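Remarks on the structure that follows.
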2 protein chains.
Amino acid sequence: MLSHKSKYALKALLALSEEYGNGPLLIAEIAARERIPKRFLELILLELKNQGVLRSRKGKGGGYVLNKPPDLLSVGHVLRMLEGPLAPLPCVSKTAYEKCVECHDERTCGIRLLMKEVRDATAAILDSTTFADVINRSRANRRGERALTYSI
Amino acid sequence: MLSHKSKYALKALLALSEEYGNGPLLIAEIAARERIPKRFLELILLELKNQGVLRSRKGKGGGYVLNKPPDLLSVGHVLRMLEGPLAPLPCVSKTAYEKCVECHDERTCGIRLLMKEVRDATAAILDSTTFADVINRSRANRRGERALTYSI
DNA sequence: ATTTACTCTATCGTTTCAATAGACTAAATC
DNA sequence: GATTTAGTCTATTGAAACGATAGAGTAAAT
């Protein structure tokens, strides 16, 4: 399960992606739009800024902006930043590999082979999906729903 | 990431699956074989017993036994028991659905659509894999390794 | 100078994690 | 039926993470 923090982060980044090119967004604006506790969101955006995902400007006309276009920012990248490795076990992580101290033989450990499958499936989805993709799929879905509604 | 508890549980169940049909296994025996802290393993096996996955017998010749054959016990079933839903967000869980309080429109939420994909991929793997499968794949892998070694 | 808005540090109550400990109880065996 | 073997149950513990909340501070426009 994702933490609330990560979920909020994804929603905030999605809002910032939708607004990309239209100048900065206020924390307060994002908090209101996505119904996220404002003070908590501040911390989250600050962390994303320190990690290089966001840029900010203080004072009037300030706010937060994506540091690069939404089609160059993958969900997997952000989640690894906030939650750590996508892998269910450290011994199958590509980005944060660690040996299981109790394991006799990693190469033939059945649990490991299975968890590697899970990791690969998860990473395939999350690393190939950018925030631009998320927006597009959401829009496609909205259109689909409307079409469905009209067709009744 | 799985907790140590879950990892230990899977390894213990794997040991019990390998021994299925050969009478009960002692906690101490499993702990030694899989290098799991014995006292911690007691708690884990007790929980698995209370959940109906294991059966135990006290006294001499006692120990733990799987409650049903390893080809009828899926990894997904066990993990849900110990870790809760496989889904990254409660709003995409099939077994423990919950609405996100802050969400405006669940049907078009892009984050949700993406996480549903992840959930489905994960569940497809873990629900279709039994402990018998894990053993078989591990054995196949061992044979493969040996063959590879010989072929050099 | 003043307002606006982000920045940083600290704190807090709760829960989970990963064990550890000890007393207890059931079941074989001798 | 005493004794050993081995699982059962409750409690505790220390550390860390979770999910905020609070307040003082600082940079940048107007």
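Quick one: count up the residues across region A:75-112 that are in contact (Cβ under 8 Å) with a residue 40 or more places away in the chain and either within 17 Å of residue B:10 (Cα to Cα) or assigned to a loop (DSSP other than H, G, I, E, B) (or both). Break it down into steps so the answer makes sense when it comes.
Step one: filter region A:75-112 for residues in contact (Cβ under 8 Å) with a residue 40 or more places away in the chain, giving A:75-79, A:82-83, A:86.
Checking which are either within 17 Å of residue B:10 (Cα to Cα) or assigned to a loop (DSSP other than H, G, I, E, B) (or both) leaves us with A:86.
Residues meeting the conditions: 1.
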**OP:** Pairs only if they're at least six apart or on different chains, beta carbon under 8 angstrom, first in region A:11-38 and among the aromatic types (Phe, Trp, Tyr), second at pLDDT 95 or above and outside any loop (DSSP other than H, G, I, E, B); list them, first residue then second.
**Re:** A:20/A:65; A:20/A:66; A:20/A:70
Subject >> Pairs where the first residue, in region B:49-65, is more than 6 Å from DNA strand C (Cβ to nearest atom) and the second is of a type in the set (D, E, K, R) and open to solvent by less than 40 Å² (accessible area, probe 1.4 Å), C-beta under 6 Å, 6+ apart >> reply: none
Original post:
How many residues, within region A:17-71, are more than 10 Å from DNA strand D (Cβ to nearest atom) and assigned to a strand (DSSP E or B)?
Top reply: 7
Subject >> Residues (open to solvent by 90 Å² or more (accessible area, probe 1.4 Å) and under 19 Å from residue B:110 (Cβ atoms)) located in region A:34-59 >> reply: A:35
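Check region B:14-29 and report whether any residue there is among the small types (Gly, Ala, Ser), on the phi > 0 side of the Ramachandran plot and more than 10 Å from chain A (Cβ to nearest Cβ). I'd like the intermediate steps shown before the answer.
We begin by selecting, within region B:14-29, every residue among the small types (Gly, Ala, Ser); these are B:15, B:17, B:21, B:23, B:28.
Filter again for on the phi > 0 side of the Ramachandran plot, leaving B:21, B:23.
Subsequent filtering for residues that are more than 10 Å from chain A (Cβ to nearest Cβ) retains B:21, B:23.
Looking through region B:14-29, at least one residue is among the small types (Gly, Ala, Ser), on the phi > 0 side of the Ramachandran plot and more than 10 Å from chain A (Cβ to nearest Cβ).
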Original post:
Only one of (1) part of a helix (DSSP H, G or I); (2) more than 10 Å from every other protein chain (Cβ to nearest Cβ) fails for residue A:115. Which number is that?
Top reply: (2)
Subject >> Of the criteria (1) more than 11 Å from every other protein chain (Cβ to nearest Cβ); (2) open to solvent by 40 Å² or more (accessible area, probe 1.4 Å), which one residue A:62 fails >> reply: (2)
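The values are calculated or read from the model by the stated rules, or taken from the named source; none is laboratory data. Quick caveat: nothing in here was measured; it's all calculated off a predicted structure. Here Cβ is always computed from backbone atoms with ideal geometry, including for glycine, and neighbour counts include all displayed protein chains. Protein only, heavy atoms only, side chains kept; ligands, DNA and RNA dropped before computing areas. Shrake-Rupley method; radii C 1.70, N 1.55, O 1.52, S 1.80 Å.
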